[in-house]
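Chemist: Got a structure here, written out as structure tokens. Questions coming.
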Amino acid sequence: MAETDAQLQAENIRLRQQAHYYQSLHAKAVAKLQAAEGIIAALKEKLAEMARRLFGRRTEKNQAGGASTSTQDPEKRPRGQQRGRPGHGRQRRPNLPVQRLLVDLPGGAPPCGQCGQPYRHNGTARSYAEIVWEVHLFRRFVVCQQYEQACACPKPGLPRWVVAPPPARLIERGLLSVESIVEGLLRKFLYFMPVERLVAEWRQLGVAVSPGTWCGTFQRLVPLLRPLVEALREACRADRRWLMDETRWEVFVALEGKGSFRWWLWVAVSPRVKLYLLSPSRGSGVPKQFFGYDPSQGQCQWTGPLMVDRYASYKFLATLLTLAFCWTHVRRDFVEAQAGARAEQVAWAQVWIERIGGLYELNAKRLELGQDPKGPKLPAPFVRMDPERLAGVDYQKADASLRQAVALFHGQWEGELGQERRLPIRRRKILESLRTHWSGLTLFVENPEIPMDNNGSERAIRSGALARNNFYGSGAVWSGELLAMMLTILQTGLMHKLNLRGYLIDYLQACAQHGGQAPKDLDGWLPWNYRPPERALGP
């Protein structure tokens, strides 16, 4: 009996050990299955997001229908002309030349039906006015007046024949005038028209100019524009406030050690300049060169607040500059989390999107109460704050409300990450990114002149994307350099509301007058200092 009990007890122990072993295997299998399900769910969401990017609309409207980062006022009136309100009439255009066209009856004055005497003139009757677009190309022959001595004086002080000097030429023996060159530059780099389309347009106007002529002319402009762009680069550095972004650009030149034609077009936006830089690399070398990084001292020559996205090439600047991160990219994380997700996650992301919208709204109210209304207005998103208004009671209340909302936002993401329950992979990644970049995201709280997002540089880099969509890339390094220089000049000119056509004509004519070189003193050619000469109106 005792022997049987011992056998049964041993069998019980063995079976219990097996049960514990299989239970542990089952627990591991369940955990592995749950992890796999989480990965599958995350991959499905990622696939839905990739499909939306590839085939969907280019919009950041979330699935709940929110279109902006601020709450919508249902009582806010729609934009534009309001029904039942008097209009302002057609815009008057006093600077537009006027050409009068007199329309007469086919046979002149009509005769009287009774006596046959023709009607007499009695003024004119206005019919209508219209704006006319007329383009015509012509050849301009420049001839110089020649004078011959008309007297018999032996020492007139001048040669026997005196000839007026010809006007200075931008390109010696060039086919195209400065005006024609400027039209080509504007079509190529402002309206992003390929050279072949420019050639076709001129052919329709009756003039055949080969692509090689245009390219050769553009290449001759590079050394003339480089000093002006260098002056704009120094002004951009001196502003001490920047936004930066980058996009891909193709340069079809084989470089040793580079396995593709992909280069990168960078943009640095300051309150006065939009500076475009072309580089074969997307690495940290471009911001290092722009900010004058000295590796021996571990410092940058130009410092100040810099707003960027979360790309790794900028992060070495975190200890060298005031590096701020973009809230639009944070919001985009939550918008993308809604693509292909379950209703629970869509609702979760929508709550965070509305919280971010609340921060934007509170910061906008704070800026409105604190910015300087008297000084010259800076281009968005840059603002100039007034110290007196910053000390006002209304601003202090708005500032306190914003700080409270930011602190609440911090507690909310920190609380979710601290929960014991396992968060889905997509949610955890978004919240962990928030934690990683939180110090840079909240710099605007202490310094209201730092914008909340990088939208200004993203809008600026869109010029490169439009050019890429139309003519894909550059066939030579000088061509890519010309693209970056022309975008810098044109987009900076648009910031200062210049007449770009007149500005370029004046600058290139100044280059011609300086012997085919850039003017020595470029201060007057910086867009914010440029004063156009008086121009005649009318044909």
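Chemist: Give the residue that is surrounded by the fewest Cβ atoms within 10 Å (Cβ to Cβ), with candidates limited to residues of region 490-517 that are free of Cβ contacts under 8 Å to residues at least 24 places away in the same chain and in a helix (DSSP H, G or I).
Modeler: Among residues in region 490-517 that are free of Cβ contacts under 8 Å to residues at least 24 places away in the same chain and in a helix (DSSP H, G or I), the one surrounded by the fewest Cβ atoms within 10 Å (Cβ to Cβ) is 494.
Chemist: Go through region 186-234 and report how many residues are under 21 Å from the mean Cα position of the chain (by Cα), part of a helix (DSSP H, G or I) and of a type in the set (Phe, Trp, Tyr).
Modeler: 1
Chemist: Going through 427, 422 one at a time, which residue ends up being more than 33 Å from the chain's Cα centre (by Cα) and among the basic types (Lys, Arg)? Full working, then the answer.
Modeler: Working: 427 fails: more than 33 Å from the chain's Cα centre (by Cα).
422 is the lone residue from the list that is more than 33 Å from the chain's Cα centre (by Cα) and among the basic types (Lys, Arg).
Chemist: Can I ask one more? May I ask you to list the residues in region 302-332 that are closer than 25 Å to residue 263 by Cβ and polar (S, T, N, Q)?
Modeler: Scanning region 302-332 gives a single hit, 313.
Chemist: Residue 162 is checked against (1) of a type in the set (A, V, I, L, M); (2) under 24 Å from residue 506 (Cβ atoms); (3) surrounded by 10 or more Cβ atoms within 10 Å (Cβ to Cβ) and fails just one. What number does that condition carry?
Modeler: The number of the failed condition is (2).
Chemist: Condition test on residue 399, is it acidic (Asp, Glu) and under 33 Å from the mean Cα position of the chain (by Cα)?
Modeler: Values: acidic (Asp, Glu): yes; under 33 Å from the mean Cα position of the chain (by Cα): yes.
For residue 399, the condition - acidic (Asp, Glu) and under 33 Å from the mean Cα position of the chain (by Cα) - is met.
Chemist: Just to verify a result, which residue in region 143-173, among those that are part of a loop (DSSP other than H, G, I, E, B) and aliphatic (A, V, I, L, M), is farthest from residue 216 (Cα to Cα)?
Modeler: For region 143-173, the residue satisfying everything is 152.
Chemist: So if I check each of 341, 364, 380, which one is more than 27 Å from the chain's Cα centre (by Cα) and in contact (Cβ under 8 Å) with a residue 12 or more places away in the chain?
Modeler: It is 341.
Chemist: Right, next: Among the residues of region 307-323 satisfying the criterion of being more than 18 Å from the chain's Cα centre (by Cα) and crowded, with 20+ Cβ neighbours inside 10 Å, which is nearest to residue 382 (Cα to Cα)?
Modeler: 321
Chemist: Is it the case that residue 201 is surrounded by 12 or more Cβ atoms within 10 Å (Cβ to Cβ), in contact (Cβ under 8 Å) with a residue 12 or more places away in the chain and more than 26 Å from residue 518 (Cα to Cα)?
Modeler: The answer is yes for residue 201.
Chemist: Out of 335, 330, I need the residue that is modelled with pLDDT of 95 or more, out of contact with any Phe, Trp or Tyr (no Cβ under 6 Å at 6 or more places or on another chain), of a type in the set (Val, Ile, Thr) and farther than 17 Å from residue 291 by Cα. Which one? It would help to see each step written out before you state the result.
Modeler: Values: 335 fails: modelled with pLDDT of 95 or more.
Matching residue, one of 335, 330: 330.
Chemist: Let me ask you something else. Is there a residue being touching a Lys or Arg at 6+ places or on another chain (Cβ under 8 Å) and over 19 Å from residue 436 (Cα atoms) anywhere in region 322-329?
Modeler: No, every residue in region 322-329 fails to be touching a Lys or Arg at 6+ places or on another chain (Cβ under 8 Å) and over 19 Å from residue 436 (Cα atoms).
Chemist: Need pairs with beta-carbon distance below 7 Å; first residue within 20 Å of residue 360 (Cβ to Cβ) and within region 383-402, second loosely packed, with under 15 Cβ neighbours inside 10 Å and at pLDDT 95 or above; sequence gap 6+ or separate chains.
Modeler: From region 383-402, no pairs qualify.
Chemist: Given the condition in contact (Cβ under 8 Å) with a residue 24 or more places away in the chain, surrounded by fewer than 19 Cβ atoms within 10 Å (Cβ to Cβ) and more than 25 Å from residue 449 (Cα to Cα), answer yes or no: does some residue in region 298-305 qualify?
Modeler: No, the conditions are met nowhere in region 298-305.
Chemist: A follow-up question, please. With respect to residue 476, determine if the residue is closer than 20 Å to residue 225 by Cα and either surrounded by fewer than 22 Cβ atoms within 10 Å (Cβ to Cβ) or not aromatic (Phe, Trp, Tyr) (or both).
Modeler: yes
The values are calculated or read from the model by the stated rules, or taken from the named source; none is laboratory data. All values derive from a computational prediction rather than experimental measurement. Cβ atoms come from the backbone with ideal geometry, glycine included; neighbour counts cover every protein chain shown.
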